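J.: After the structure tokens below, expect a handful of questions from me.
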Amino acid sequence: MIEHELVLLGLLKESPKHGYEIKKKIKEILSLFAGVELKSIYYPLQILEKRGLVVKRKNKQGRRPQRLVYELTPKGQSRFNELLAKSFLNFKRPRFSLDLSLYFLGYMKPEIAKRRLQARMQILDRVIRGLKQMINSLKKRRLSSLVNILEHNLQMVETESKFLAQLIGTL
């Protein structure tokens, strides 16, 4: 819940938002760039509201139907700052889909393993090119938060590609 709490409080720190807007931002940006997903946001928002971290109010704009807008409270601001500070020191081992395959690599004929690893490297090369294009595009739009995430991901993908090249050389 702590990661989800950080996401919800952080998005509300940007500005008050209605539920659909929060869900859309998570789906379009955070799940894509940061791997964050929330199946339901209304239940966690309800919990945050009960804890006094957010408040909801009714909002009506023009002809649109009335919506509930969530806003950060001062207590929510403090909790966000606390969670953000802690998140920099939280180390979870990243899980890579490749690790399981590497564990059982010895059960595969070396020539087949090489072909599979080379195919993975081709995919990684496409990912690297795509990340570089996105980074350049976002730099032009001055979206530094997303650029930082993508540059981090780019370095991880490039490192995996280098590792695979070395591994192929040993097979």
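The values are calculated or read from the model by the stated rules, or taken from the named source; none is laboratory data. Predicted model only: the values in this text are computed from it and were never measured. Reconstructed Cβ throughout: ideal geometry from the backbone, glycine too, with neighbour counts over all protein chains shown.
J.: Keeping to region 122-160, report how many residues are touching a residue at least 60 places away in the same chain (Cβ under 8 Å) and under 15 Å from residue 29 (Cα atoms).
T.: Total satisfying the criteria: 4.
J.: I'm checking my understanding of the structure. Among residues of region 90-120 that are assigned to a loop (DSSP other than H, G, I, E, B) and at pLDDT below 85, which one is nearest to residue 158 (Cα to Cα)?
T.: If we take residues in region 90-120 being assigned to a loop (DSSP other than H, G, I, E, B) and at pLDDT below 85, then 96 is nearest to residue 158 (Cα to Cα).
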